[in-house]
Amino acid sequence: TYWYVISDVDGDNCSFSPTCSSFFLQAVKETNLFQGTLMFFDRFTRDMDIYRKYDHYPRVKDGHFYDPPSLYALEPDKINYIPPFVVVNTE
């Protein structure tokens, strides 16, 4: 719904990679519907203009901030810390 209704109206101005709709799908796939939805809303609030503190996000080559659901794993052996100001190769 978000992808078809809000993204089309809002336009392509997401500053994150993956986009919010892709983030939601990946989060649900990696966790479950409830936790994935909570992760999406957390991500969506960080994408809004109200909260623009991006100095702790790594970037991808195209300049977007790298913020996949895998960075929010709650299992210690799955946590992959990427320092800020690093360019991540997502290919």
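The values are calculated or read from the model by the stated rules, or taken from the named source; none is laboratory data. These numbers come from a predicted model, not from an experiment. Because the Cβ atoms are built from the backbone with ideal geometry, glycine has one as well, and the counts that use them run over all protein chains shown. Heavy atoms of the whole protein, side chains included, go into the accessibility calculation; ligands, DNA and RNA do not. Shrake-Rupley method; radii C 1.70, N 1.55, O 1.52, S 1.80 Å.
What tally of residues in segment 42-91 results from selecting those that are basic (Lys, Arg) and either within 15 Å of Pro18 (Cα to Cα) or at pLDDT 75 or above (or both)? Full working, then the answer.
Taking segment 42-91 first, the residues basic (Lys, Arg) are 43, 46, 52-53, 59, 61, 78.
So of that shortlist, the ones also either within 15 Å of Pro18 (Cα to Cα) or at pLDDT 75 or above (or both) come out as 43, 46, 59, 61.
Residues in segment 42-91 being basic (Lys, Arg) and either within 15 Å of Pro18 (Cα to Cα) or at pLDDT 75 or above (or both): 4 in total.
Once segment 16-46 is narrowed to residues that are in contact (Cβ under 8 Å) with a residue 12 or more places away in the chain and part of a loop (DSSP other than H, G, I, E, B), the residue that is surrounded by the most Cβ atoms within 10 Å (Cβ to Cβ) is Pro18.
Here Gly11 fulfils each of the conditions (1) out of contact with any helix residue (DSSP H, G or I) (no Cβ under 9 Å at 6 or more places or on another chain); (2) modelled with pLDDT of 70 or more; (3) open to solvent by less than 80 Å² (accessible area, probe 1.4 Å) apart from (2).
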